[in-house]
1. Looking only at strands (runs of 3 or more DSSP E) that fall completely inside region A:12-117, which ones have 2 or more residues that are within 14 Å of another protein chain (Cβ to nearest Cβ)?
2. Can you find a residue that is over 27 Å from the mean Cα position of the chain (by Cα) and under 24 Å from residue A:239 (Cα atoms) anywhere in region A:299-310?
3. Consider residue B:163 carefully, then state whether it is more than 14 Å from chain A (Cβ to nearest Cβ), part of a helix (DSSP H, G or I) and within 30 Å of residue A:101 (Cα to Cα).
4. Looking at region B:261-269, can you tell me whether even one residue there is within 14 Å of chain A (Cβ to nearest Cβ) and either over 30 Å from residue B:142 (Cα atoms) or under 25 Å from the mean Cα position of the chain (by Cα) (or both)?
5. Does residue B:228 count as at pLDDT 90 or above, more than 14 Å from every other protein chain (Cβ to nearest Cβ) and assigned to a loop (DSSP other than H, G, I, E, B)?
6. Can you confirm whether residue A:146 is surrounded by fewer than 20 Cβ atoms within 10 Å (Cβ to Cβ), away from chain B (no Cβ under 14 Å), touching a strand residue (DSSP E or B) at 6+ places or on another chain (Cβ under 7 Å) and touching a residue at least 12 places away in the same chain (Cβ under 8 Å)?
7. If you go through region A:118-133 one residue at a time, do you hit one that is free of Cβ contacts under 8 Å to residues at least 40 places away in the same chain, on the phi > 0 side of the Ramachandran plot and within 12 Å of chain B (Cβ to nearest Cβ)?
8. Is there any pair linking a residue in region A:299-312 that is free of Cβ contacts under 8 Å to residues at least 40 places away in the same chain to one that is assigned to a loop (DSSP other than H, G, I, E, B) and surrounded by 13 or more Cβ atoms within 10 Å (Cβ to Cβ), with Cβ under 6 Å and at least six apart or on different chains, and which?
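The values are calculated or read from the model by the stated rules, or taken from the named source; none is laboratory data. Bear in mind the structure is a predicted one, so any value in this text is a computation, not a measurement. Backbone-built Cβ (ideal geometry, glycine too); neighbour counts: all protein chains shown.
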């Protein structure tokens with residue numbers, strides 16, 4: 001199940017060294033009354049691995065399909081290597097795609113599936129067989145080359161699909177939730193394989209997923225989408241540590257929301273002044289909520305503390321506490337070795353471990 | 001210990017429901033009877049025809065009606081006309097229906113209901129109404145050609161062809177296969193010819209054989225259009241030699257059955273493959 005270590009001739013086209021730069025410029029796509037893409041823009045550097053992350057219906061798959069040429073945008077442009085490909089049909093875009101559902105051609109063996117794109121490019125039979133063999137070796141399936149799709153497991157089928165997409169030396173590799181139909185173990189293995197291959201071939205890759213763990217662990221940058229727009233595009237660490245919007249903070253990782261009041265430096269949080277992330281003047285008027293990560297909050301046992309431990313979840317090295325505080329539930333991570341001190345019902349005081357705090361307008365009561 | 005256990009054993013007797021067992025027996029008997037009546041309904045006429053086709057003019061058993069078949073005047077041309085019509089019908093049907101069905105499955109899935117209703121119409125409208133209308137509307141040059149019948153047979157075959165292809169396409173993830181093919185550089189023709197059609201083999205075969213059976217058995221339209229196809233010849237020759245014409249009808253029936261057996265065998269092999277796919 002490991003990726004072969006030798007690249008041999010399985011490299012990108014020399015003229016395409018480093019992958020193709022891609023620009024999605026102000027894309028709009030509507031389906032009836034639904035605006036799937038609402039001015040979506042994204043710049044992707046050559047050889048970069050970008051994940052489109054978001055909840056169902058946020059427009060991430062539509063964005064990928066527009067890039068692939070399966071959907072036409074109502075307005076906006078798709079640029080690859082500086083050229084506008086918006087009007088180029090899918091079969092002429094040179095984009096390899098791996099689909100969510102198993103998409104191997106049932107009437108062809110694994111080798112013939114991989115060789116299909118090469119046959120369309122009129123490569124000679126011997127050459128394309130050799131190349132299909134190399135690619136199957138690359139994804140660790142050379143022993144299965146003569147098997148039909150129904151004789152392969154789900155993980156193997158997706159690896160053949162990956163080899164097939166790479167065989168045509170695409171300008172851009174598009175992955176539409178390719179791991180979502182697989183079980184957890186195979187998913188983790190294939191995740192590592194895809195990333196290793198992408199890095200070695202330096203191919204520009206766009207990966208659609210609703211699984212934040214996949215996005216954060218694989219991508220160079222993650223584009224969090226909501227309502228057809230990019231909420232934030234950043235590296236996984238920046239996205240997690242410095243979410244620019246409440247949506248990103250709540251969608252990526254775990255955040256607790258707490259009503260706060262303005263103070264001299266920013267907002268009053270857990271009885272102290274806390275600086276606000278970003279521009280102070282950009283703080284919305286009216287009532288405010290603070291969004292805090294569990295690891296950014298500290299808890300100390302105190303008889304007169306305002307928080308009460310209401311729940312504990314063991315997560316291995318850390319234990320997550322639910323602390324009832326000022327009408328909200330604040331999630332706090334403590335070391336598991338110290339968790340015994342936090343019995344249910346224990347009174348605690350809370351403090352902020354982070355430099356600053358993300359503040360947003362108060363969410364209306366549901 | 002053994003005796004203790006033995007002493008404590010209470011013999012288990014299943015609760016008896018006196019009415020159930022005879023009732024089941026009656027139901028089974030009823031089903032058997034219905035099956036027998038149905039079988040007799042279908043098989044007796046066939047048996048009678050077979051019996052009749054193996055008799056000479058005096059009513060004695062004879063293979064003469066069968067051995068005489070090849071030398072009957074007009075049979076060869078009627079058979080080849082029917083075959084030509086069948087081939088042309090199958091070609092037009094496939095060229096028309098396969099791309100249409102793929103398009104409907106891909107782009108107009110909501111239209112499938114309408115298609116179902118439309119394709120039932122040839123069953124609802126009597127063939128005599130259809131052919132009289134066609135003969136009124138068709139241009140002279142087309143009325144002079146036997147292939148007018150092929151055009152009408154395409155409509156007659158639509159209910160069977162639609163259902164076969166719909167089932168075949170329903171078993172495939174057509175959208176993903178088409179998109180995968182296109183992303184690899186294939187145009188529409190290559191995608192249909194090299195990806196969709198090979199995976200519809202069983203459905204296409206089924207549609208083809210049903211069309212063939214329909215064309216080889218259609219009498220009303222051919223007769224009204226004044227073309228001597230195989231069924232028309234059988235009916236006409238019945239006036240000359242009923243034994244031979246019945247023998248030809250029996251051979252035609254046998255050929256159709258063999259084709260249907262072929263479909264069932266291929267379908268079974270396809271379902272076995274699909275089962276293996278599901279379990280793997």
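1. On the way: elements: A:22-31, A:34-44, A:49-53, A:75-80, A:95-98.
Correct list: A:95-98.
2. Applying the first criterion (over 27 Å from the mean Cα position of the chain (by Cα)) to region A:299-310 yields A:299-310.
Cutting the leftovers down to under 24 Å from residue A:239 (Cα atoms) gives us none.
Within region A:299-310 (the criterion being over 27 Å from the mean Cα position of the chain (by Cα) and under 24 Å from residue A:239 (Cα atoms)), the answer is no, since none of the residues qualifies.
3. Numbers: more than 14 Å from chain A (Cβ to nearest Cβ): yes; part of a helix (DSSP H, G or I): yes; within 30 Å of residue A:101 (Cα to Cα): yes.
So residue B:163 fits the description; yes.
4. Quick first cut of region B:261-269, residues within 14 Å of chain A (Cβ to nearest Cβ) only: B:269.
Then drop every residue that is not either over 30 Å from residue B:142 (Cα atoms) or under 25 Å from the mean Cα position of the chain (by Cα) (or both), which leaves B:269.
Yes, region B:261-269 contains a residue that is within 14 Å of chain A (Cβ to nearest Cβ) and either over 30 Å from residue B:142 (Cα atoms) or under 25 Å from the mean Cα position of the chain (by Cα) (or both).
5. Values: at pLDDT 90 or above: yes; more than 14 Å from every other protein chain (Cβ to nearest Cβ): yes; assigned to a loop (DSSP other than H, G, I, E, B): yes.
Against the criterion (at pLDDT 90 or above, more than 14 Å from every other protein chain (Cβ to nearest Cβ) and assigned to a loop (DSSP other than H, G, I, E, B)), residue B:228 qualifies.
6. Numbers: surrounded by fewer than 20 Cβ atoms within 10 Å (Cβ to Cβ): yes; away from chain B (no Cβ under 14 Å): yes; touching a strand residue (DSSP E or B) at 6+ places or on another chain (Cβ under 7 Å): no; touching a residue at least 12 places away in the same chain (Cβ under 8 Å): yes.
Judged against the criteria, residue A:146 is not a match.
7. Looking through region A:118-133, at least one residue is free of Cβ contacts under 8 Å to residues at least 40 places away in the same chain, on the phi > 0 side of the Ramachandran plot and within 12 Å of chain B (Cβ to nearest Cβ).
8. So the pair list comes out as A:309/A:342; A:309/A:346.
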